[in-house]
Amino acid sequence: MATELKVLDLSYCTLRTTPDLSAFKGLEILILAHCGDLEEIHPTIKDIKTLVSLKVNYCWKLKELPREVGRMEELRELIIQETSIREIPISRGFLTKLETLNASWCTLLTRLPKSLGSLMSLTQLNLSHTNIEELPESIGSLKKLETLDASFCVLLLHMPNSIGDLESLSCLNLTYCHKLAQLPDSIGSLVSLQRLLLSRCHSLKQIPDLIGKLTSLTELLLESTDIEELLESIGSLKELKILDASYCKSLARIPNSIGNSTSLSHLDLKECHKLARLPDSMGSLMSLQQLLLSRCHLLKQIPDSIGKLTSLTKLLLESTAIEELPTSIGNMQNIRMLDISGTPIKELLDNPGILAELQEFKASGWKNLEWSPSNNGQLVSPNNLGLDKLKKLSELRSRVLALGITC
């Protein structure tokens, strides 16, 4: 009976060690997840030549895997998430069929073996929340790797040059790698990369100019990094849809080439305290739907070309130094949310088309809360209101309230 068993699920069992496994000759899946007392996997696991999947996630007392696991030939999935394992046994020439390796939250794991490069079929590698300080150069041999997650590796100091050899890599997640100060130029060779996640890499002051070669990139997250400028080469990212550089308190410049990123739909620059201007080329971002500029305290104006952003649905200007909106904003008929809270804006455009589409209007802390209609759709100052327009103002406010807009 045991020889015919394909799946053995012992999840949540109060085992300190697994039983002798030598009888399970045909076993393909062994699940030991959430065995909180498990300290040992019996070495007879070596007798299971057919094992495809081994899961020991959340076995907090498990400190090591049998060496025999590193010599398995059919294993395709190894999940050791949130264990006390300090070392991953990988024997050269074995584990060649392994596709998924998840070692996330193995906080005692501080290094990876050089033999990691032997995992020629690996497509998913999750090392998040481990304490590794570096990735071995041999990682460049993982030609089929599609996802590399090293997020929250707070001790990770650098990335090897060989990272550029990962020709199939589509997602590189380095979020919250506090000590990572630079990326190698070889990152420009990642022709399949679609997502580059660098948020909260607080020591990262620049990204390589060769990032412009990442022609497949659709998402670039730089939130809370220490970068001072976005490079001109960013304009070469024709497929880029999401660019998040929010909370980059040293960021002072957006290049003119940003206008060439014509697929961009989301641009987040919230709390870029040193950012004082936006380039006129912003008007070329015809796919842009969200422009978030809240708390860019030095930003005094937005370019008149913003009126060309006819796809824009969300514009956040909260706590900027902007005093007036360009008249071209009247062309933005698809805008759904507008936030001018805490700004010194003195005039608002009265445009029935814009108002009809607005679903949310925020103006808390705005001192100039007299939004007045005019006969020609131009900007109107509350100081120029006559008694004959008070009735229209009342009607407009009623319409605003009917829309559920908050002021």
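FYI, it's all coordinate maths here, none of it is from the lab. Nothing here was measured: the structure is a model prediction, and the numbers come from that model. As a convention, Cβ positions derive from the backbone with ideal geometry for all residues, glycine included, and neighbour counts pool all protein chains shown.
What does DSSP give for the chain in terms of the percent of beta bridges that are antiparallel, rounded to the nearest 5? Each step should come with its number before you reach the end.
Values: 2 of 50 bridges.
Beta bridges within the chain, antiparallel portion: roughly 5 percent.
For segment 109-132 and segment 178-249, what is the centre-to-centre distance using only Cα atoms, to the nearest Å? Cα centroid of segment 109-132 versus Cα centroid of segment 178-249: 23 Å apart.
For Gln359 and Ser287, what does the FRET efficiency come to when R0 = 30 Å and r is the distance between their Cβ atoms, rounded to the nearest 0.05? Display every interim value, and only then the final one.
On the way: r = 21 Å, r/R0 = 0.69.
Once the sixth-power term is evaluated, E becomes 0.90.
Label zone (Asp20, point 7 Å along Cα-to-C-beta; backbone nitrogen cut-off 16 Å) within segment 31-66: 42-48. The local environment of Glu73, defined by Cβ-Cβ distances under 15 Å, has a net charge of +2 under the rule Lys, Arg +1 and Asp, Glu -1. Basic side chains Lys and Arg get +1 at the Cβ, acidic Asp and Glu get -1 at the Cβ, and with that the dipole of segment 113-203 about its Cα centre reaches some 160 debye.
Using the Cβ of Lys46 as centre and a radius below 15 Å, the other residues enclosed give a net charge of -3, where K and R count +1 and D and E count -1.
With charges set only on the Cβ (+1 for Lys and Arg, -1 for Asp and Glu), what does the dipole of segment 1-64 come to about its Cα centre, in debye to the nearest 20?
Numbers: 8 positive and 9 negative charges, 25 e Å.
Here segment 1-64 has a charge dipole of around 120 debye.
Simple rule: put +1 on each Lys or Arg Cβ and -1 on each Asp or Glu Cβ in the chain, find the dipole, and look at Ile242, Ser168, Ala2; the Cα lying farthest toward the positive end is Ile242. Computed from the Cβ-Cβ distance with R0 of 30 Å, the FRET efficiency linking Val191 to Glu232 stands at 0.90. Who wins for biggest fluctuation among Ala150, Ala23, Ala363 in a Gaussian network model of the chain, springs between alpha carbons below 10 Å? Per the Cα network of the chain with a 10 Å cutoff, Ala23 tops the list.
Past 24 Å, Cα to Cα: identify those pairs from Lys213/Lys270; Lys249/Lys300; Lys97/Lys238; Lys6/Lys49; Lys114/Lys143; Lys61/Lys114, in the order given.
Details: Lys213/Lys270 27 Å; Lys249/Lys300 17 Å; Lys97/Lys238 35 Å; Lys6/Lys49 12 Å; Lys114/Lys143 16 Å; Lys61/Lys114 26 Å.
Flagged as over cut-off: Lys213/Lys270; Lys97/Lys238; Lys61/Lys114.
Need the full-extension length gain, Arg67 to Ala252, defined as separation in residues times 0.36 nm minus the C-alpha distance. One decimal, nm.
Numbers: separation 185, 0.36 × 185 = 66.60 nm, distance 5.27 nm.
Once the chain is fully extended between Arg67 and Ala252, it gains 61.3 nm.
Along the positive direction of the dipole of the chain (beta-carbon charges: Lys, Arg +1; Asp, Glu -1; about the Cα centre), which of Ile29, Ile302, Leu148 reaches farthest? Ranked along the dipole, the leading option is Ile302.
If a/c stays under 1.5 just call it rounded; otherwise compare a/b with b/c (prolate if a/b is bigger, oblate if not). Do that for segment 1-95, with a ≥ b ≥ c from the square roots of the Cα gyration tensor eigenvalues. Kindly include the intermediate steps, with their values, before the conclusion.
Details: a/c = 1.72, a/b = 1.11, b/c = 1.55.
Judged from the Cα gyration tensor, segment 1-95 comes out oblate (a/c at least 1.5, b/c at or above a/b).
Counting only alpha carbon atoms, the long axis of helix 390-402 and the longest principal axis of the chain meet at about 20°. For Ile242, what charge total do you get from the other residues with a beta carbon under 13 Å from its beta carbon, if Lys and Arg give +1 and Asp and Glu give -1? So the surrounding residues net to -3. Projected label points at Trp60 and Ala2, each 7 Å from Cα along the beta carbon direction, are separated by 3.1 nanometres.
Divide by every residue of the chain the summed helix terms, -39500 (n - 2.57) for each DSSP H run of at least 4, and state the resulting mean residue ellipticity at 222 nm, rounded to the nearest 500 deg cm²/dmol. Show your work: numbers first, answer last.
Details: 2 runs with 19 residues, N = 407.
Estimated from H runs of four or more residues: -1500 deg cm²/dmol.
Test of the criteria: in segment 222-292, which trypsin sites (Lys or Arg not before Pro) are in a DSSP loop and have at most 16 other Cβ atoms within 10 angstrom of their Cβ? Please list the in-between numbers first.
Details: sites: Lys238, Lys241, Lys249, Arg253, Lys270, Lys274, Arg277; in loops: Lys238, Lys241, Lys249, Lys270, Lys274, Arg277.
Those satisfying the criteria are Lys238, Lys249, Lys274, Arg277.
Per residue, the average separation of C-alpha pairs within less than 8 Å and at least 6 apart gives the chain a relative contact order of 6 percent.
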